[in-house]
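What follows is a single structure, written as structure tokens, with notes after it.
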Amino acid sequence: MIAALSRIALAVLIALAPTVSSAKTFKWTAASDVLSWDPHSQNAGLQNGIHAAVYESLVYYNSRTFEVEPMLARQWQQITPTHLRLSLRTGVKFHDGRPFTADDAVFSIQRAMKPNSTFQPFTQGIARVVKIDDLRLDIHTSTPNPVLLNQLTELRILSESWAKEHDSTNPKDVKSKTENYAHRHANGTGPFMLKEWIPNRDITLTRNPAWWGPLESNVTEIIFSPLPSLTSRIAALESGSIDLVLDPTPQSLLALRNNSDFKLLNGPENRTLFIGMDHFSDQLQGSNIKGKNPLKDRRVRKALYTAIDTAAITRVTLRGQGQVTGALVMPKVNGWSEALNKRPEFSVSNAKALLSEAGFANGFELELSCPNNRYPNDEEICQAIKAMWERIGVKAKLTTYPFTDYFPRLQRHELGVYLIGFGPATFDGLNTLQSLVQTRTRNSGDGNFGRYSNPAIDSLINRIKKEADPKVRTGLITEALQLQNDDVATIPLINLIIPWAMRSNVNIVHRPDNRIDWRILQLN
């Protein structure tokens, strides 16, 4: 009997598995690698998008409408304003064959709430998660939360029993070099399975023959090869060894645009580049000013802001592939307004006057830190800013790092002035405020690497979390974003326009979160 069942199971797997003749491998590249395979450790955009091929969330964004749609949860019901009930799909299995149940969903959300996780912006407001039975769970929030479903799109589900067996009940600590098993191994429910990860060389994913959903994709294998060099990325695309470059730079687009072997998809990305600054240290790292931190003076911060000609950076450095912004969020994000988007006038003389007023008429030195393989022309943007600051007497020493090195340095507060990008996955300004400018605590400020603190902004953020009226809530978000502008908590620079460069046989939908939807990717 057992032998017969084994033969049946084998026959099913053979029927489901793609044949050699139909096998299609999709090879793609970007400048940087993932930081970990632990789905609740590092909240980083590129990594989250790659994880989504392997680990699934209860709900996700539809790539064509960008509305929240069912994923591992087949339906949901708002029982009360603070009580959401989710019903799960039946028959879903993890890649090692374990059944997916409400236990795994409850465990994963609670895991993302732990101190070692940087996913607290997506667990914001969740008071408790309760299993009803194997296929239902309740999420209770401390106050009404109109973006709870949006938050759930970023909380991917891990097998509870697998995590316990492999000593991975806690997320990998991003500030430590200590690894858990989930850092280099994966066991999700998604359409692809992790076969191999060789850091900074290759990630190989293979198709999951037992995936629960209808798969539009005809791809059977995915190979991601990070290539820090732009020249190498474009050469790989032109030679045919790579099918898609996620992050081509503006100067590489012209030749590709005029070649019928390739095609370009682009659109505004939900990501704003900005300069962050150390508001906390009594002495600024990398500065010649001893015993004092010039950045604690708002006039100095505004001088640095006023000295940056973002229009020139957008026009010359990015060749039009960006939108100048004065807001810390893009227009599609709830809370954005025209007034927020207005920048202080670019003026070298005004910047010098502000520095003089603050007691730095002769300028000072600082260290400007930037990634060199995360955003389009990121190092070149920083070179332009360095030159602009020198015109007002601020001599910036430019230090650049690969993103896999840069991000942990930020989290350890080793960088005094830095370039970074952020886009709220919820498309709601609270996510930005809570991550970037709320006072850093266990449950907030995970991206507030400059350790900025403003009681007035904190008070508004706490009101936003409790406000049930959508119109009032949006007004509070705008008000808080305006306060961060007025205090120059950060220096907003540019909303990115992200092109994807690919071979002409690749069919995919461009998403504002700069992610490939692995379910619908096709190679013709």
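The values are calculated or read from the model by the stated rules, or taken from the named source; none is laboratory data. Not measured: the values here are computed from a predicted model. Note that we place each Cβ from the backbone using ideal geometry, even for glycine, and neighbour counts take in every protein chain shown. Side chains are part of the model used for accessible areas, which takes the heavy atoms of the whole protein and leaves out ligands, DNA and RNA. Shrake-Rupley method; radii C 1.70, N 1.55, O 1.52, S 1.80 Å.
At pLDDT below 95, surrounded by fewer than 20 Cβ atoms within 10 Å (Cβ to Cβ) and more than 24 Å from residue 371 (Cβ to Cβ): does that describe residue 238? For residue 238, the condition - at pLDDT below 95, surrounded by fewer than 20 Cβ atoms within 10 Å (Cβ to Cβ) and more than 24 Å from residue 371 (Cβ to Cβ) - is met.
The residues of region 296-305 that are in a helix (DSSP H, G or I) and surrounded by fewer than 22 Cβ atoms within 10 Å (Cβ to Cβ), listed by number, are 296, 298, 299, 302. Selection within region 473-512: residues that are open to solvent by 10 Å² or more (accessible area, probe 1.4 Å) and touching a Ser or Thr at 6+ places or on another chain (Cβ under 9 Å). The member of this set that is nearest to residue 418 (Cα to Cα) is 482. Scanning region 466-487 for residues that are more than 23 Å from the chain's Cα centre (by Cα) and either under 26 Å from residue 281 (Cβ atoms) or part of a strand (DSSP E or B) (or both) returns 483, 486, 487. Screening region 513-524 for residues that are of a type in the set (S, T, N, Q) and in a loop (DSSP other than H, G, I, E, B) and picking the one that is most open to solvent (accessible area, probe 1.4 Å) gives 524.
Against the condition charged (D, E, K, R), farther than 30 Å from residue 319 by Cα and modelled with pLDDT under 95, how does residue 216 come out, does it pass? So residue 216 fits the description; yes.
Meeting the requirement of 2 or more residues that are in contact with a strand residue (DSSP E or B) (Cβ under 9 Å, 6 or more places away or on another chain) and of a type in the set (A, V, I, L, M), the helices (runs of 4 or more DSSP H) wholly within region 53-170 are 102-112, 148-152. Within region 436-448, the set of residues being of a type outside the set (Val, Ile, Thr) and modelled with pLDDT of 95 or more comprises 436, 438, 448. Checked against the criterion of being open to solvent by 20 Å² or more (accessible area, probe 1.4 Å), at positive phi and not in a strand (DSSP E or B), the candidates 463, 451 yield just one match: 451.
Residue pairs whose Cβ atoms lie under 8 Å apart, sitting 6 or more positions apart in sequence or on different chains, and linking a residue in region 507-523 that is more than 18 Å from residue 192 (Cα to Cα) to a partner that is of a type in the set (Lys, Arg) and surrounded by 19 or more Cβ atoms within 10 Å (Cβ to Cβ), are 514/271.
Yes or no: residue 415 over 25 Å from residue 153 (Cβ atoms), within 15 Å of the chain's Cα centre (by Cα), touching a residue at least 24 places away in the same chain (Cβ under 8 Å) and buried (at least 18 other Cβ atoms within 10 Å of the Cβ)? No; evaluated as a whole, the condition is false for this residue. For region 238-294, residues that are part of a loop (DSSP other than H, G, I, E, B) and without any contact (Cβ under 8 Å) to a residue 60 or more places away in the chain total 8. Any residue that is touching a Leu at 6+ places or on another chain (Cβ under 9 Å) and among the basic types (Lys, Arg) - is there at least one of those in region 271-281? Scanning region 271-281, I find at least one residue that is touching a Leu at 6+ places or on another chain (Cβ under 9 Å) and among the basic types (Lys, Arg), so the answer is yes. Taken over region 411-433, residues that are in contact with a Lys or Arg (Cβ under 8 Å, 6 or more places away or on another chain) and not in a loop (DSSP other than H, G, I, E, B) amount to 4. When the residues of region 431-446 are filtered to those that are surrounded by fewer than 22 Cβ atoms within 10 Å (Cβ to Cβ) and free of Cβ contacts under 8 Å to residues at least 40 places away in the same chain, the one that is farthest from residue 285 (Cα to Cα) is 441.
Within region 58-98, being open to solvent by 80 Å² or more (accessible area, probe 1.4 Å) and either acidic (Asp, Glu) or more than 23 Å from the chain's Cα centre (by Cα) (or both) holds for 67, 74, 75, 76, 77, 78, 81, 90, 93. Taking region 461-482 as the range and being modelled with pLDDT under 95 and under 15 Å from residue 327 (Cβ atoms) as the test, no residue passes. When residues in region 130-145 are screened for being under 14 Å from residue 76 (Cα atoms) and either crowded, with 20+ Cβ neighbours inside 10 Å or modelled with pLDDT under 95 (or both), 2 of them pass.
Could you please give the count of residues in region 199-218 that are open to solvent by 50 Å² or more (accessible area, probe 1.4 Å) and either in contact with a His (Cβ under 9 Å, 6 or more places away or on another chain) or closer than 19 Å to residue 42 by Cα (or both)? So the answer is 3. Residue under question is residue 308, and the condition is that it be open to solvent by less than 10 Å² (accessible area, probe 1.4 Å) and in a helix (DSSP H, G or I); does it hold? Here the answer is no, as residue 308 does not meet what is asked. Of everything in region 19-32, what is open to solvent by 10 Å² or more (accessible area, probe 1.4 Å), modelled with pLDDT of 90 or more and in a loop (DSSP other than H, G, I, E, B)? Give them in sequence order. Matches in region 19-32: 24 only. Kindly establish whether residue 158 is touching a residue at least 60 places away in the same chain (Cβ under 8 Å), open to solvent by less than 30 Å² (accessible area, probe 1.4 Å), closer than 30 Å to residue 466 by Cβ and of a type in the set (A, V, I, L, M). So residue 158 does not fit the description; no.
In region 246-270, of all residues being surrounded by 14 or more Cβ atoms within 10 Å (Cβ to Cβ) and charged (D, E, K, R), the one that is modelled with the highest pLDDT corresponds to 263.
Scan region 183-204 for residues that are without any contact (Cβ under 8 Å) to a residue 40 or more places away in the chain and closer than 18 Å to residue 166 by Cβ and jot them down. Scanning region 183-204 gives 195, 196.
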